[in-house]
Amino acid sequence: MRYSLLKIIKEGLTGNKGWRPIWRNPEPKKKYDVIIIGGGGHGLSTAYYLSNVYGINNVAVLEKGWIGSGNIGRNTTIIRSNYMLPGNEPFYELSLKLWEGLEQDFNYNAMISQRGIINLFHSDGQRDAYARRGNAMLLEGADAELLDEESVRDICPFLDFNNARFPIKGGLMQKRGGTVRHDAVAWGYARGADNKGVDIIQNCEVTGFKIVNGVCRGVETNLGPISANKIASCAAGSSSRVMSLAGIKLPIESHVLQAFVSEGLKPILPNVITFGAGHFYVSQSDKGGLVFGGDIDGYNSYAQRGNLPVVEDVCEGGMALMPFIGRAKLLRMWGGVMDMSMDGSPFIDKTHIQGLYFNGGWCYGGFKATPASGLCYAHLLATDEPHEVAKELTLDRFIHGKIIDEKGVGAQPNLH
Amino acid sequence: MVINHPLLGPRDASEFVYLGDASLMDRPNWLDKDAGQKFYKYQYLRDNPHLEHKELWFHEQGDRSWLIVTRNISTHEILTVELAKKFFDKGV
Ligand SMILES: Cc1cc2nc3c(=O)[nH]c(=O)nc-3n(C[C@H](O)[C@H](O)[C@H](O)COP(=O)(O)OP(=O)(O)OC[C@H]3O[C@@H](n4cnc5c(N)ncnc54)[C@H](O)[C@@H]3O)c2cc1C
């Protein structure tokens, strides 16, 4: 069923009786060409591009809960391509380009809003760093604009420009950045993949791998064994748990990141704003809630909830940046498990076990990567060659010293 | 989280700095023949278990001792707390 204005009018006039569930709930088959482990954003987009771009339809997505129950439904929905290093920036820029055409491509309203993102700076040194980053973005064909204090004032007059400790001196703006309705992304990709015959199997947990003579031939699940020619792990925060079933140790630690939503307010934030002097980022949802977050809690965790010191830290960041936020009540907060990698950059690669592939290490920034991650992973699965923009996202880059460390903090995942 | 410091009693976790897996105490010998591989594994690969995890916490805003905390990673429950020094004294 294609969605269109005509369809909405027709359904509206006939009592909305024609809408159908947008994906099936099939029983797993005995064998597939490709099994994808994890029905998060990346698993579903991989299935979508495999079936829609690479013509591989005999695919199953196995999800231990329901699709959208992981980080794809827990993030703060910010998309941008303001990275600096050559291993990252072309990848994220491709992702942003894919976002720009996504709703037409998969015929689903993902509420993509390119409202722009401003990274504020508060000192001369920070201005220089952002100028450099902006130039690196321009070199890769992304958009970037260095704003002075006056220009930031025009856009966001409500910020605390004269904060005694961290006055706002300007910002790096990416106008094409913005926000997206996160779970609609999961649903849209699921629908698009299901339309092409991909089986999305929920409540199906992978509990082991079938590995014969160094070749992975299938998985064990709570619904019984399923075979496949290629098995693609895409389990984000649970990556280490899944890969340990194949005896693989990853350059990843799992950490918890929290997010917060205030009560609904009238429109006040025109775009996404990040504070440069602490870790705080905020946007306003279409329902009016201020959606914000900050640092990860900083210790290993699989708990999907965090602790109070970070809540305090995030709220202090908000108060320093825009004191009016203190008048809004906090409505909800939650946590998600991040697959923090050793250099803060992700992996899309084969493993040393033939037939077993790995996608993970997305840290707190994998939502924006959802389209490109799916496309590049599908490319790797279909051709056994890395996609042009994902060549450097290899699992063994640490052995060869080809680290992609945007922040330059070294192998300390809780600092990335 | 409250960490039961063996010398100072219950202390708020925010007084501490977190380093990571306690295996970081077992630094390889740089003279070993395959020291390169060993350092790669030591520095970059993690078990990252989802239940019990032994980890290093530094009491930066306290007595500046290193602790080995064993935590349930899925509930944040702290199981045991020991001074890391104890293990060094044994020559580990
Ligand atoms: C609070 C928060 C805020 C964030 N904000 C942003 C942001 O603003 N911008 C941004 O770009 N990124 C952000 N992120 C990061 C982003 O959400 C993640 O990097 C990204 O969603 C991870 O990929 P995914 O969608 O595939 O993960 P998930 O949705 O977590 O998918 C993984 C799936 O694998 C399943 N699974 C695990 N183990 C098994 C198994 N054994 N068998 C079967 N299935 C299994 C899980 O149930 C899960 O559904 C944020 C994350 C959080 C938690």
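The values are calculated or read from the model by the stated rules, or taken from the named source; none is laboratory data. Keep in mind that what you see is a predicted model, and the values were worked out from it rather than measured. Counting neighbours? That spans all protein chains shown, and the Cβs are built from the backbone with ideal geometry, glycine included. The area values use the complete protein model at the heavy-atom level, side chains included, leaving out ligands, DNA and RNA. Shrake-Rupley method; radii C 1.70, N 1.55, O 1.52, S 1.80 Å.
Remind me, relative contact order of chain A in percent, using alpha carbon pairs under 8 angstrom and six or more residues apart?
22 percent
Straight-line reach from A:Lys287: which aspartates and glutamates have Cα under 20 Å away, leaving out those fewer than 8 places along the same chain?
Output for A:Lys287: A:Asp183, A:Glu263.
Using +1 at the C-beta of Lys and Arg and -1 at the C-beta of Asp and Glu, which of A:Pro386, A:Phe161, B:Asn29 has the Cα lying farthest in the positive direction of the dipole of the protein assembly as shown?
Result: A:Pro386.
What is the magnitude of the charge dipole of the stretch B:20-92 about its Cα centre, with +1 placed on the Cβ of each Lys and Arg, -1 on the Cβ of each Asp and Glu, and no other charges, expressed in debye to the nearest 20?
Computed charge dipole of the stretch B:20-92: roughly 220 debye.
Which entries of A:Lys97/A:Lys175; A:Lys402/B:Lys85; A:Lys64/A:Lys210 have Cα-Cα distances beyond 23 Å here?
Going by Cα-Cα distance, A:Lys402/B:Lys85 fall outside the 23 Å limit.
Contour minus end-to-end for B:Leu79 and B:Leu24, with contour as 0.36 nm per residue of separation and end-to-end as the Cα-Cα distance?
Separation in residues times 0.36 nm, less the Cα-Cα distance, equals 17.8 nm.
Using a 1.4 Å probe, what is the accessible area per residue for the protein assembly as shown, in Å²?
44 Å²
With every protein chain left in place and a probe of 1.4 Å, what is the accessible surface of A:Asp128, to the nearest 10 Å²?
Ignoring ligands and nucleic acids, A:Asp128 comes out at about 100 Å².
Counting residues in the stretch B:2-87 as N, plug N into 2.2 N^0.38 Å and put the Cα Rg over that result.
1.20
Dividing the convex hull volume of the alpha carbon atoms of the protein assembly as shown by its residue count, what do you get in Å³ per residue?
Given the Cα convex hull of the protein assembly as shown, per-residue volume reads 171 Å³.
Among bridges DSSP assigns within chain A, what percent are antiparallel (round to 5)?
So the antiparallel bridges amount to about 70 percent of the total.
When chain A is treated as a GNM, springs tying every alpha-carbon pair under 10 Å, which of A:Gly247, A:Gly178, A:Gly276 comes out with the largest mean-square fluctuation?
Comparing A:Gly247, A:Gly178, A:Gly276 in a Gaussian network model of chain A, the most mobile one is A:Gly247.
What is the percent carbon and sulfur in the accessible area of the protein assembly as shown, measuring with a 1.4 Å probe over the protein chains and ignoring ligands?
Answer for the protein assembly as shown is 52 percent, counting heavy atoms of protein chains only.
Using a Gaussian network for chain A with springs between C-alpha atoms less than 10 Å apart, which of these wobbles most: A:Ser373, A:Ser244, A:Ser233?
A:Ser244
If you take the accessible area of B alone, add that of A alone, and subtract the area of the pair, what total do you get in Å², probe 1.4 Å, to the nearest 100?
2200 Å²
Given the -39500 (n - 2.57) contribution per DSSP H run of 4+ residues, what per-residue ellipticity at 222 nm results for the protein assembly as shown, rounded to the nearest 500 deg cm²/dmol?
Helices in the protein assembly as shown give a 222 nm mean residue ellipticity of -7500 deg cm²/dmol.
Are there DSSP H segments in chain A that both extend 15 Å or more along their axis (alpha-carbon positions) and score a mean Kyte-Doolittle hydropathy of at least 0.5? List them, or say none.
A:308-321, A:370-383
Counting Lys +1, Arg +1, Asp -1, Glu -1, what net charge surrounds A:Leu85 among other residues with beta carbon under 14 Å of its beta carbon?
Around A:Leu85, the charge tally is -1.
Size of the dipole of the protein assembly as shown about the Cα centre, Lys and Arg at +1 and Asp and Glu at -1 on the beta carbon, nothing else charged, in debye to 20?
1340 debye
Taking Cα centroids, how far is the stretch A:130-147 from the stretch A:41-117 in Å?
23 Å
When chain B is modelled as a GNM with alpha-carbon springs shorter than 10 Å, which of B:Asn72, B:Asn48, B:Asn29 fluctuates the most?
Largest GNM mean-square fluctuation: B:Asn29.
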